[in-house]
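Q: The following block contains the structure, expressed as structure tokens.
Bear in mind these aren't lab numbers, they're just calculated from the coordinates by the rules spelled out. Note that the coordinates shown come from a computational prediction; the quantities given were computed from them, not determined experimentally. No Cβ is skipped: glycine too gets one built from the backbone with ideal geometry, and neighbour counts run over all protein chains shown.
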Amino acid sequence: MEGHWVTGDCWLGCERTGVPVLWLGPVQRDGQAAPFYACEPCLKRLKARAVAYFMERQPAIA
Ligand SMILES: [Zn+2]
């Protein structure tokens, strides 16, 4: 996955801090926005889950 990696805190559940993280976009709520960062292992987990979701919904045509 391409993007701009910075050192920061992961927002995706592992709660690691001071690790390389990728900015995924703003999380908006009540007119406020927070930066949403995720570390590589969490991104891989998320991606695998998304791929599984796509495969379930839209099986590849052989
Ligand atoms: Zn993480």
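Q: I'm checking my understanding of the structure. Among residues of segment 12-62 that are of a type in the set (F, W, Y) and in contact (Cβ under 8 Å) with a residue 12 or more places away in the chain, which one is surrounded by the most Cβ atoms within 10 Å (Cβ to Cβ)? Break it down into steps so the answer makes sense when it comes.
A: Quick first cut of segment 12-62, residues of a type in the set (F, W, Y) only: 23, 36-37, 53-54.
Filter once more, so that each one left must be in contact (Cβ under 8 Å) with a residue 12 or more places away in the chain: 23, 36-37.
Values: W23: 14, F36: 15, Y37: 21.
Result: Y37.
Q: Output the strands (runs of 3 or more DSSP E) that fall wholly within the chain and possess 1 or more residues being more than 13 Å from the ligand (Cβ to nearest atom) and under 9 Å from the mean Cα position of the chain (by Cα), or say none.
A: Fully inside the chain and qualifying: 19-29.
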